[in-house]
Every structure is written in structure tokens, then in C-alpha cells.
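These notes are about the structure you will find just below.
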Amino acid sequence: MRLLALLLAAPLLAQTPAPAPAPAPAFNASAFFLKSCAGCHGQDGSATRPDGKKGRAADLTDAAWQKANTDAAIQTSILNGKGHMPAFKGRISEADALTLVTDVVRKLQKGTPVKVAAN
């Protein structure tokens with residue numbers, strides 16, 4: 001009887017889809033900033049190097065810079081690069097670039113290093 005049940009169930013088991021792959025880890029914007037942006041923009045976004053001197057990168061904490069640049073413009077710069085800044089298109093998605101803008105760049109404060117947020 002068990003054998004008959006197994007034989008009847010075999011075609012159903014063969015049609016069972018393979019389990020879905022595990023989802024990709026969520027984008028951690030603060031970790032990305034510290035890994036990919038802080039080298040030039042500084043851990044707080046002010047473009048201050050560890051030796052205290054100002055680097056060539058934009059001071060992302062400057063109120064005038066923040067006001068002059070829309071989220072879309074900053075996102076475009078992240079994806080396509082600008083001046084000496086490399087392009088990150090292909091390394092992060094458009095949605096992740098916008099998350100970087102809204103969750104990190106817009107919240108930068110001079111003298112307050114970015115901390116890695118838990119996902």
C-alpha cells in the first residue's frame with residue numbers, strides 16, 4: 001500500500017518547483033558610504049582628511065551645497081560619476097543610489113561620523 005502511494009505521489013513530487021534562491025541582502029547605505037565615499041568625502045561628509053586638511057571632494061555637509069543639489073542630481077552624480085568621483089552605476093541600483101542620498105547624504109553633519117545602521 002505504501003509503495004502504491006509513493007508511486008502515485010512521484011509525479012507530483014517531480015512537479016514541485018525548486019526552492020526560491022535566498023533574497024539578496026538589503027542595501028546598507030551607511031556601510032556603502034563608509035566603504036565607497038568616505039575616502040574622499042570624509043566619514044562625516046565634510047571632505048576633511050584625517051590630517052585635518054580639506055580634500056578636493058565636495059563638502060556634503062555644507063548647507064549651500066545641500067540646498068543647491070536636488071536628490072535626483074546627487075543620485076545622477078553617484079551613478080554616473082562627476083569630476084574625479086567614479087561612477088557607481090552597475091555596482092548599485094538607481095533605488096540604492098537614491099537611498100544613499102535620502103538616508104545618508106541628506107543627514108550628514110559636520111563633525112559627526114556616519115555610523116553603520118543595522119538593517
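Observations on the structure shown:
- Separation in nanometres of the label points that stand 7 Å from Cα toward Cβ, at Glu94 and Val116: 3.0 nm
- Using the Cβ of Phe32 as centre and a radius below 12 Å, the other residues enclosed give a net charge of 0, where K and R count +1 and D and E count -1.
- Convex hull of alpha carbon positions in region 19-69: directionally averaged projected area 5.0 nm².
- Percent carbon-and-sulfur accessible area, region 32-119, ignoring ligands, DNA and RNA, probe 1.4 Å: 54 percent
- Qualifying lysines (Cα of each under 16 Å from Cα of Lys107; at least 8 residues distant if same chain): Lys67, Lys115
- Region 74-91 - phi-based ³J(HN,Hα) in whole Hz, Karplus 6.51/-1.76/1.60, Gly and Pro as x: 5, 4, 4, 4, 5, 6, 9, x, 7, x, 7, 6, x, 7, 10, 4, x, 9
- Nonlocal amide H pairs with Val114, under 5 Å, H built at 1.01 Å: Asp44
The values are calculated or read from the model by the stated rules, or taken from the named source; none is laboratory data. The structure presented is a predicted model; accordingly, all values stated were derived computationally and were not measured. Positions of Cβ are backbone-derived with ideal geometry, glycine not excepted, and every protein chain shown enters the neighbour counts. Keep in mind that these areas ignore ligands, DNA and RNA; they rest on the heavy atoms of the full protein, side chains included. Shrake-Rupley method; radii C 1.70, N 1.55, O 1.52, S 1.80 Å.
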